[in-house]
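K.L.:
Got a structure here, written out as structure tokens. Questions coming.
The values are calculated or read from the model by the stated rules, or taken from the named source; none is laboratory data. Being a predicted model, the structure only gives us computed values, none of them experimental. Positions of Cβ are backbone-derived with ideal geometry, glycine not excepted, and every protein chain shown enters the neighbour counts. To get the accessible areas, we keep the full protein, side chains included, count just its heavy atoms, and leave off ligands, DNA and RNA. Shrake-Rupley method; radii C 1.70, N 1.55, O 1.52, S 1.80 Å.
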Amino acid sequence: MSETNPIWFDPTLCLIGGKWVPAQSGETLPLVNPSDGSAICQIARGGAADIDAAVQAAEAALEGDWGRMTALERGRIITRIGQLVLENVERLAVLEAMDVGKPLSQARADAIALARYCEFYGGAADKVHGQTIPFMEGYTVYTLREPHGVTGHIVPWNYPMQIIGRSVGAALTMGNAAVLKPAEEACLTALAFAHIAMEAGLPAGALNVVPGIGAEAGAALTAHPGIHHISFTGSVPTGILVQTAAAKNVIPVTLELGGKSPQLVFDDADLDAALPFLVNAGCQNAGQTCSASSRVLVQRGVYDEVKRRMAEAYGAITVGPAMEDLRMGPLISARQKEIVSGFLAKGADLTVAAQGEVVGHAPAEGAYLCPTLFADVPGDHALARDEIFGPVQVLIPFDTEEEAVKIANSTDYGLVASIWSRDGSRQMRLAKKLHAGQVFINNYGAAGGVELPFGGVGKSGHGREKGFEALYGFSQLKTVAAYHG
Ligand code: NAD
């Protein structure tokens, strides 16, 4: 690689058993920079043979050094990976900005979050215990937390670093050996992470990375009989395929499939506090966030004011190349732009309250789209119910608390919700009533909190990642009942 090339490793290779090797087919795929449509580099087009080799390497790691390590030793390595990630934040941020199109400072925040996951899980490695269970006279009963074995990780393109941190980080912490299939649209930081992990002393085969197309490498991973657990983040249709494949091998899956997350703003809300969250939760990463708040439900008493202030904020949003670090970058690809444009067309009957602006010098080949705020949207409109995965938010007016809950719970999804109100009783009441895996009161997202269990209900998926809960998910419980008289 040349000195000016930000990619400091050979991106055309897979990591299998501690060695960097090309796909067995010798084939590669192009990675495209969504900011200008230019080719970044080629990546390996992994397939079933590479996945098989990766699973075998993971099995060997479990039988070898990695499987023999104590929890403390594993924790130290994962913590060390986190330290190296922190030392490489700028390099990782540049790769992610180039690959995903997210503004540089957002990419930097993702790299810091990846380090934070490693710190959290590295420190937690020797703090996950079994239990002793009081039982009949003459017995001693206890439980052991054991790894599943080889875990499969299928990661999307929108937050590669954060999703690798929460999923691979937790799986390694519990002593599993991982096979990671990053997204074909964006996989540079997955490869960079693997280089860093090896440098930190992770034994060969504990982490294997096979880039490739979903229907090829991804499908081979989910169908492989040597995989004991799958963690998937992505779309509902692919999640169904993943769960179906896992069912055939009778293995557990964690599915994180996105959402249509609402923010509920009541007449008594602190609007100054709420406003930045109302807009940012919809526009961060150009709306390509599983927990994006694409619906803002506002009580009539403050509806006009919220609409006016959100419209003002939208008017100030500038969209441009990721490296310029404006408020918003391009979408991931021309294909995603087409999908989101299709949704905008479905909103032709709606009122556009405001739009942001794509800067004039943004390359025509980039996947740019103006962020759009629709107002006065009926709760049952397609734009108020379907996941768009782009910079589009809808404002929905409501009169009563009951009506707000009914609209909030009316989609197939249930990932995140927030309540903006000063009424403590209402906060407690609604936190219980809202269909969501996470409910935020007078904030949105709690700054990403790696400590906080995360996952959905309904079509948002099942299983929990992040926090200690992920460590339970990436391990299984064995009960030992000893009779000693
Ligand atoms: P996708 O679900 O197809 O891809 C996500 C991951 O799954 C990628 O790594 C992909 O290679 C892999 N994959 C694809 N087909 C597979 C298969 N048959 N078996 C195993 N793995 C497979 O998502 P996408 O095409 O990248 O994006 C389309 C839509 O998905 C978006 O518009 C959005 O609605 C949703 N999405 C959601 C999230 C999220 O965080 N929940 C992330 C990305 C995309």
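K.L.:
Within region 218-230, work out how many residues are more than 8 Å from the ligand (Cβ to nearest atom) and touching a strand residue (DSSP E or B) at 6+ places or on another chain (Cβ under 8 Å).
P.N.:
Of the residues in that region, 6 qualify.
K.L.:
On to the next question. Output yes when any residue across region 285-305 is within 30 Å of residue 220 (Cα to Cα) and at pLDDT below 95, and no when none is.
P.N.:
no
K.L.:
With the requirement that a residue be within 12 Å of the ligand (Cβ to nearest atom), within 24 Å of residue 29 (Cα to Cα) and open to solvent by 10 Å² or more (accessible area, probe 1.4 Å), what does region 157-207 give you?
P.N.:
157, 159, 162, 184, 185
K.L.:
Looking at 215, 245, which one is near the ligand (Cβ under 9 Å from one of its atoms), of a type in the set (A, V, I, L, M), out of contact with any helix residue (DSSP H, G or I) (no Cβ under 7 Å at 6 or more places or on another chain) and assigned to a helix (DSSP H, G or I)?
P.N.:
215
K.L.:
Here's a check for you: in region 416-435, which residue that is open to solvent by 40 Å² or more (accessible area, probe 1.4 Å) and part of a helix (DSSP H, G or I) is farthest from residue 282 (Cα to Cα)?
P.N.:
Checking each candidate, the answer is 425.
K.L.:
Using the structure shown, decide if residue 291 is open to solvent by 10 Å² or more (accessible area, probe 1.4 Å), touching a strand residue (DSSP E or B) at 6+ places or on another chain (Cβ under 7 Å) and within 10 Å of the ligand (Cβ to nearest atom).
P.N.:
Against the criterion (open to solvent by 10 Å² or more (accessible area, probe 1.4 Å), touching a strand residue (DSSP E or B) at 6+ places or on another chain (Cβ under 7 Å) and within 10 Å of the ligand (Cβ to nearest atom)), residue 291 qualifies.
K.L.:
Can residue 254 be described as within 16 Å of the ligand (Cβ to nearest atom), among the hydroxyl-bearing types (Ser, Thr, Tyr) and open to solvent by less than 60 Å² (accessible area, probe 1.4 Å)?
P.N.:
Judged against the criteria, residue 254 is a match.
Here is a yes/no grid of residues against (1) of a type in the set (S, T, N, Q); (2) outside the structural domain of residue 284 (by TED's automatic domain parsing); (3) exposed (fewer than 15 other Cβ atoms within 10 Å of the Cβ):
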residue: 335; (1), (2), (3): no, no, yes
residue: 342; (1), (2), (3): no, no, yes
residue: 351; (1), (2), (3): yes, no, yes
residue: 355; (1), (2), (3): yes, no, no
residue: 358; (1), (2), (3): no, no, no
residue: 367; (1), (2), (3): no, no, no
residue: 372; (1), (2), (3): yes, no, no
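K.L.:
Exactly one condition in (1) within 15 Å of residue 190 (Cα to Cα); (2) crowded, with 18+ Cβ neighbours inside 10 Å is false for residue 91; which is it?
P.N.:
Among (1) within 15 Å of residue 190 (Cα to Cα); (2) crowded, with 18+ Cβ neighbours inside 10 Å, residue 91 violates only (2).
K.L.:
Would you point out which residue out of 304, 349, 272 is in a loop (DSSP other than H, G, I, E, B) and away from the ligand (no atom under 16 Å from the Cβ)?
P.N.:
349
K.L.:
In the same structural domain as residue 206 (by TED's automatic domain parsing), part of a helix (DSSP H, G or I), buried (at least 18 other Cβ atoms within 10 Å of the Cβ) and out of contact with any Cys (no Cβ under 7 Å at 6 or more places or on another chain): does that describe residue 58?
P.N.:
So residue 58 passes the test.
K.L.:
Which residues, taken from region 384-401, are out of contact with any Cys (no Cβ under 6 Å at 6 or more places or on another chain) and within 30 Å of residue 98 (Cα to Cα)?
P.N.:
Within region 384-401, 386, 387, 388, 389, 390, 392, 393, 394 meet the criteria.
K.L.:
Tell me whether region 325-333 contains one or more residues that are surrounded by 17 or more Cβ atoms within 10 Å (Cβ to Cβ) and either in a helix (DSSP H, G or I) or not assigned by TED's automatic domain parsing to the domain that holds residue 403 (or both).
P.N.:
No, region 325-333 contains no residue that is surrounded by 17 or more Cβ atoms within 10 Å (Cβ to Cβ) and either in a helix (DSSP H, G or I) or not assigned by TED's automatic domain parsing to the domain that holds residue 403 (or both).
Matching residues to (1) on the phi < 0 side of the Ramachandran plot; (2) open to solvent by 30 Å² or more (accessible area, probe 1.4 Å):
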{"residue": "437", "(1), (2)": "yes, no"}
{"residue": "448", "(1), (2)": "no, yes"}
{"residue": "456", "(1), (2)": "yes, no"}
{"residue": "480", "(1), (2)": "yes, yes"}
{"residue": "484", "(1), (2)": "yes, yes"}
